[in-house]
Amino acid sequence: MTNVTQSQIKEALERVDSTIENKNIVAQGWIKDIAIKDGHVAICIEVPPELGQKLEPIREKAENLVHQLEGVISSTVVLTSETENPETPKATNKNIKTKLALPNIKTLIAVASGKGGVGKSTTAANLALSLSAKGLKVALFDADIYGPSMPRMLALSKEKPHSDGTKIYPVEKYGIKVMSIGFLVPEDKPVVWRGPMVMGALEQMLNDVEWGSIDTMIIDMPPGTGDTQLTMSQRVPLTGVVIVSTPQDIALIDARKGLNMFKQVEVPILGIIENMSYYQCPSCGNREEIFSHGGARATADELNVPFLGELPLDIKVRENSDNGTPIVNADPNCIQSQRYKTIADKILLQLENQKKKAAPKISV
Ligand code: ADP
């Protein structure tokens, strides 16, 4: 198979009309970035903010033309625009970005971890379902660009969000609205996007999706504390963050890094969850602390942030996640589901406390 080159891609993009001044999108200087890896192409097009959603047909055309080139296995085009919200005061630190406006989403909670594989996505899905079971209108946004797992975890691998040309509609499953970066990039394909592209895609998904009115959006963050996570926490108006960690030292060191990053950008820490906290044998009741135990609670105490609870290693949790029915949906009354629900209650309590702290004090 021949390798496609940057100039071949640019040539294809020159065939896409920008609809302004008879210029194509390359001549407009809109092509921000092109990344190619093993036949997978990702393109970031930066457009003037006022044109925004009108340009969906242009995005689609660019994607199709590039996909038709020899040597291209997949092509993904994301639109971005640099918006300045005039109502947002200019931040003193020039690295601080303006926040996205998401007026129909009352509360946005990030579920984050210092490193991958600690059960962040499993926790995010089960917490979203626990909040939904309480009657809240819940959205689950899978922003884990390095390993989007919601399509698999919610049995949505064959689903694509529906679009009517201007708006994209989230997929609905088990009573919650779901969007995943995995709907754009198949799980088994390497992610070739660079920082700005990731942000562009995430912003497009947050902004252009018709979420409707939502009480709580759970955001499954990419693991780690790199630029992507930092930019996301600056751009998305997060109400707070929940950190998931396993008990052993190394995961906690990473979790501390995560905590510090969110503190640095002034996102309130709603608490830490210790996942894979221990294992209790279902037949003999014997308890084993496979990854040690209690580290997350000790760290929470030390750093003066709330500890939200322990979730043991449980084979049913893993099996249900892998089968596309998270345990809170598959067996809502079992002990493990009750644990997720208790943690969801504690998160709601933290949100209440936070509101009280933010409310102006009336002194007589
Ligand atoms: P992350 O999002 O941090 O990368 P995942 O949520 O994908 O992690 O979890 C990694 C693996 O661990 C998955 O196979 C998942 O089913 C499993 N897992 C997560 N939490 C538990 C738990 N409490 N008990 C058993 N398996 C778990």
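See the values below:
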quantity: Computed [θ] at 222 nm, helices only, for the chain once each DSSP H run of length n ≥ 4 contributes -39500 (n - 2.57); calculated: -10000 deg cm²/dmol
quantity: Segments 38-47, 270-279 sorted - mean Cβ within 10 Å per residue, highest first; calculated: 270-279, 38-47
quantity: In degrees, nearest ten, helix 335-358 long axis to first principal axis of the chain (Cα); calculated: 80
quantity: Fluctuation leader among Asp144, Asp33, Asp220 - the chain, Gaussian network, Cα springs under 10 angstrom; calculated: Asp33
quantity: Relative contact order computed over the chain (Cα-Cα under 8 Å; 6+ residues apart), in percent; calculated: 17
quantity: Hydrodynamic radius by Kirkwood, which averages 1/r over all alpha carbon pairs of region 276-364, in angstrom; calculated: 15.5
quantity: The chain - Rg over Rh from alpha carbon coordinates, Kirkwood radius; calculated: 1.00
quantity: Reachable aspartates and glutamates from Lys137, criterion Cα separation under 18 angstrom, eight or more residues apart if same chain; calculated: Glu172, Glu210, Asp215, Asp220, Asp345, Glu352
quantity: Angle between the chain longest axis and helix 56-67 axis [Cα atoms, degrees, rounded to 10]; calculated: 80
quantity: Check: the chain dipole with +1 on Lys, Arg Cβ and -1 on Asp, Glu Cβ, in debye; calculated: 880
quantity: Span from the region 37-58 Cα centroid across to the region 238-298 one, whole angstrom; calculated: 38
quantity: Binned Cα-Cα distances of region 12-76, short to long, each 10 Å bin given as a whole percent; calculated: 21, 56, 21, 2
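Every number in this text was worked out from the coordinates using simple rules, so none of it is lab data. On a predicted model such as this, the values are computed, not experimentally measured, just so you know. A quick note on method: Cβ atoms are made from the backbone with ideal geometry, for glycine too, and the neighbour counts reach across all protein chains shown.
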